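Okay, structure first, notes after.
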Amino acid sequence: MGPIAREWVEKAEEDWNVAVRETQVRRRRSHGAVCFHFQQCAEKYMKAVLADAGLPIPRIHDLVALRAQAVVPCPALSRISGVRLARLSSGAIEYRYPGGKPTPRLAAAAANAAGRVRRVVREAMGI
């Protein structure tokens with residue numbers, strides 16, 4: 001793994017750790033922050049795949065669009081539902097502004113989807 005891909009993985013793990021820590025909070029858990037950091041984790045893992053393959057890194061948050069690019073060097077990403085990725089993508093913006101209502105259920109779904117992306121990419125990259 002090259003140094004740029006390694007940096008993306010390190011940043012993805014930072015987001016993973018923040019999200020996991022927040023899910024363990026008993027009182028006043030921030031479901032919006034959980035959704036955001038799990039989305040960021042998945043996004044950065046897909047960008048690590050692109051960086052490792054020497055491909056350009058787009059400045060987007062749409063996980064479905066990122067998967068379309070990252071699936072070439074990491075075909076296992078095709079096994080992750082586009083619907084799940086689209087829902088996870090909403091965590092990047094929708095829940096960070098007024099009107100977005102993240103719930104414990106949405107946070108759990110974000111954890112599940114991000115965990116799947118994380119496992120697939122880490123396995124494919126030999127991490």
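Scanning the range 92-110 for residues that are more than 20 Å from residue 64 (Cβ to Cβ) and of a type in the set (D, E, K, R) gives 101, 105.
Annotation note: of 33, 19, the sole residue that is buried (at least 21 other Cβ atoms within 10 Å of the Cβ), closer than 19 Å to residue 100 by Cβ and within 15 Å of the chain's Cα centre (by Cα) is 19. Candidates are the residues of the range 36-72 that are of a type in the set (Phe, Trp, Tyr) and closer than 21 Å to residue 104 by Cα; the one that is surrounded by the most Cβ atoms within 10 Å (Cβ to Cβ) is 38. The residue list 21, 26 contains one member that is among the charged types (D, E, K, R) and part of a loop (DSSP other than H, G, I, E, B), which is 26. Listed by position, the helices (runs of 4 or more DSSP H) enclosed by the range 52-127 that each have at least 3 residues that are at pLDDT 95 or above are 63-70, 104-125. Applying a threshold of 8 Å to beta carbon distances and a minimum spacing of six or more residues, or different chains, the list of pairs starting in the range 1-27 at a residue that is in contact (Cβ under 8 Å) with a residue 60 or more places away in the chain and ending at one that is of a type in the set (D, E, K, R) and not in a helix (DSSP H, G or I) reads 23/29. Residue count for the range 23-46 under the criterion of being within 22 Å of residue 94 (Cβ to Cβ) and either hydrophobic (A, V, I, L, M, F, W, C) or at pLDDT below 95 (or both): the result is 15. In the range 76-101, the residues that are without any contact (Cβ under 8 Å) to a residue 60 or more places away in the chain and within 16 Å of residue 30 (Cβ to Cβ) form Cβ pairs under 9 Å with partners that are of a type in the set (Asp, Glu) and not in a helix (DSSP H, G or I), at six or more places apart or across chains, as follows: 92/62.
The values are calculated or read from the model by the stated rules, or taken from the named source; none is laboratory data. Since we're looking at a predicted model, the values are computed, not measured. Backbone-built Cβ (ideal geometry, glycine too); neighbour counts: all protein chains shown.
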